[in-house]
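Asks: Here it is: the structure, laid out below.
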Amino acid sequence: MQTSEQQILNAAEEEFLSKGYDGARTTSIAKSAGVTHAMLHYYFRTKEQLFETFISKKIQEIKPLMLYIFGDASLPLLERLEQAISRHFDFVCENEDLVRFLINEILPSKERCQILKNQLQELFDVSQELQEEIDQAAKRNEIEYINVIMLFQTILTINIFPSLMSNYISNIMNLTTEEDIAKFKNERKKENIKIIMKRLQKL
């Protein structure tokens, strides 16, 4: 059975994702959670605190996946990167509302971006280790050199775009069934992997 705090967080997630930060109302969150407004403020003093907790919760869902892929030195570098692209694509597809929320509500705000940066600091540390691996592999002539920040930007860009444009793509390509949409996304994921892995291959 969920605690009152968990019920509030679940209701807050739906409210923030559907209405944005400015449009979200703590009264609506309390009502959806089945608690009083006073109880909501007992657990979360302000909407900002509730928002920060919500963001932290979602980041905690991402971090283990990313840390495992980028930090598991037992996997060959290229295999690890291929898994990272694939799993990131799947996560984006499963969390399209969250991705839109981050782009529309977090990135335009310097203060909220700082919250995101603080939560992701561990991933930045891992990225430095990954850069060292890339440097060494490039020196051994195993891969083409790439700056890890450029690599991350490429993965983010090509994986996120199909989800942001999913409704338009479905209409343009006449994807009318869940099976059609799933097939398209699977083909798109394979194409994204090919694009990035080819960038890393030695000519």
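Asks: Restricting to the stretch 86-112, name every residue that is under 14 Å from the mean Cα position of the chain (by Cα) and free of Cβ contacts under 8 Å to residues at least 40 places away in the same chain.
Replies: Hits for the stretch 86-112 are Arg87, Phe91, Glu94, Asn95, Leu102, Leu107.
Asks: So which residues in the stretch 15-32 are touching a His at 6+ places or on another chain (Cβ under 8 Å) and either exposed (fewer than 15 other Cβ atoms within 10 Å of the Cβ) or under 16 Å from Gln2 (Cβ atoms) (or both), if there are any at all?
Replies: If the condition is that a residue be touching a His at 6+ places or on another chain (Cβ under 8 Å) and either exposed (fewer than 15 other Cβ atoms within 10 Å of the Cβ) or under 16 Å from Gln2 (Cβ atoms) (or both), then Thr27, Ala30 are the ones that fit.
Asks: Further question: Mind listing whichever residues of the stretch 1-40 are over 16 Å from Glu52 (Cβ atoms), among the β-branched types (Val, Ile, Thr) and part of a helix (DSSP H, G or I)?
Replies: Matches in the stretch 1-40: Thr27 only.
Asks: While we're on this one: Of all residues in the stretch 65-85 being small (Gly, Ala, Ser), modelled with pLDDT of 70 or more and more than 14 Å from Phe152 (Cβ to Cβ), which is farthest from the chain's Cα centre (by Cα)?
Replies: Checking each candidate, the answer is Ser74.
Asks: Taking the criterion of being among the hydrophobic types (A, V, I, L, M, F, W, C), at negative phi and under 19 Å from the mean Cα position of the chain (by Cα), would at least one residue in the stretch 7-15 satisfy it?
Replies: Going residue by residue through the stretch 7-15, those that are among the hydrophobic types (A, V, I, L, M, F, W, C) are 8-9, 11-12.
Okay, now just the ones that are also at negative phi, so 8-9, 11-12.
Checking which are under 19 Å from the mean Cα position of the chain (by Cα) leaves us with 9, 12.
Yes - at least one qualifying residue is present in the stretch 7-15.
Asks: Working carefully through the options Val92, Val35, find the one that is buried (at least 18 other Cβ atoms within 10 Å of the Cβ), in contact with a Ser or Thr (Cβ under 6 Å, 6 or more places away or on another chain) and not assigned by TED's automatic domain parsing to the domain that holds Ile196.
Replies: Only one candidate qualifies: Val35.
Asks: Here is a further query. Across the stretch 146-203, what is the number of residues that are assigned to a loop (DSSP other than H, G, I, E, B) and either among the acidic types (Asp, Glu) or on the phi > 0 side of the Ramachandran plot (or both)?
Replies: Going through the stretch 146-203 one residue at a time, the tally reaches 1.
The values are calculated or read from the model by the stated rules, or taken from the named source; none is laboratory data. What you see is a predicted model; the values in this text were computed from it and never measured. We place every Cβ from the backbone using ideal geometry, glycine too, and count neighbours over all the protein chains shown.
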